[in-house]
Every structure is written in C-alpha cells, then in structure tokens.
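Trainee: Handing you this structure, nothing more for now.
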Amino acid sequence: MLVSLNSNLGHRDFTATATDLPINPASLPAAPGPLPVVAYLGHPSRVAGLPHHLPPGWSLRRAADLDDLKPDEIVLVAAATVRDVATARQALPSRTMIVALVDEGAPAEMVAGVLTAGADACVRGGQPAILAGHLVACRRRERAGRWARLNEQTRRY
C-alpha cells in the first residue's frame, strides 16, 4: 500500500499523497509583503535572547504602550496578567495576535485566565527558543485563518 501511495503520478497539490510537495517549506523564498514584527510590552530583560531565535527577517521592538501597537504586529505581553491581556484585546483589532508570557511557576488559573481574556497563546517561563516557536506558530495560524476567511467570503451559496 505504501508503494501505491508514493507512486501517485497525478498532479494533486497539497494532498497527503502528492509527490511534489517541498521537503522543507522554510527553505523556500519568503512570501512577498512585510516581514513579521513582534512588539512587546514589558521589561526588556524578559525577551532579551528572543531576537536570536526568531526566523530571518523578523524583528522585535519594544512598544511604549497600547497606542504604539500596529494591527499587523504580533503583540507579546511580558509578565502578563489577566487584566493586561483583557485591556490589550479590547484596545486592539480582533485580527491582532496576542501572546502572553507568564512566569514559569504561574498557576493553571493564570494560564486559563489570560487565554480566556483573549490571548492567542500563553507561554510559561520565557525560554527564547520556546517563545520564538510559539510566535512562529501564531503567525502561521494567523495566515491560515486569513486564507480560510477569504475562501469563505468567495463562496456563493
């Protein structure tokens, strides 16, 4: 059966049996358009090593306050509280991705609280590589969501 799946000669993009899918999509040229910006609120020491773990072309900047954030940026709230996330979610457009960074020993209630308040992801601790992975995943979900909404808008019932 495995031989049968791998011998598919038809052109079927993005299916499980397609033979022409790239092995490593990260090695492909970047998509046109602006590169992602991660804007963080909070103390710089919480995100000190993060730029070294972000993909090439991504940038990290410190936002002065909520008014300094742009809609297409990924917002990282360092030392997040439920109130911080709720305030950010209320002030920012719904398409803005918010990632809450909480202490490593934060109780489950805190994690659940920031997620319920509107964070798209919550990261405990703040190890730069793990945090970067969550930011990349948020960016992928955001882009996938935009394509899904575009597809829904073009359908005629």
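Trainee: Any residue in region 103-129 that's under 18 Å from Ser45 (Cα atoms) and at pLDDT below 95: show its pairings with residues that are acidic (Asp, Glu) and surrounded by fewer than 19 Cβ atoms within 10 Å (Cβ to Cβ) at Cβ separation under 8 Å, as long as the two are six or more apart or on different chains.
Mentor: Here the result reads Arg124/Asp103; Arg124/Glu104; Gly125/Asp103; Gly125/Glu104; Gly126/Glu104, each pair linking region 103-129 to a residue that is acidic (Asp, Glu) and surrounded by fewer than 19 Cβ atoms within 10 Å (Cβ to Cβ).
Trainee: In region 73-100, how many residues are over 25 Å from Pro34 (Cα atoms) and either in contact (Cβ under 8 Å) with a residue 40 or more places away in the chain or in a loop (DSSP other than H, G, I, E, B) (or both)?
Mentor: Residues meeting the conditions: 4.
Trainee: Scan Ser27, Ser94, Ser59 and give me the residue that is at pLDDT 90 or above and farther than 19 Å from Gly125 by Cα.
Mentor: Ser59
Trainee: Are there any pairs with C-beta distances below 6 angstrom linking a residue in region 32-59 that is under 21 Å from Ala88 (Cα atoms) to a residue that is part of a loop (DSSP other than H, G, I, E, B), with the two at least 6 apart or on different chains, and if so which?
Mentor: Note: pairs meeting the criteria are Pro36/Trp58; Val37/Glu73; Ala39/Ala63; Ala39/Leu69; Ala39/Glu73; Leu41/Ala63; Gly42/Ala79; Arg46/Gly126.
The values are calculated or read from the model by the stated rules, or taken from the named source; none is laboratory data. Since the structure is predicted, the reported quantities are computational estimates derived from the model, not experimental observations. In this analysis, Cβ positions are derived from the backbone assuming ideal geometry, glycine residues included, and neighbour counts consider all displayed protein chains.
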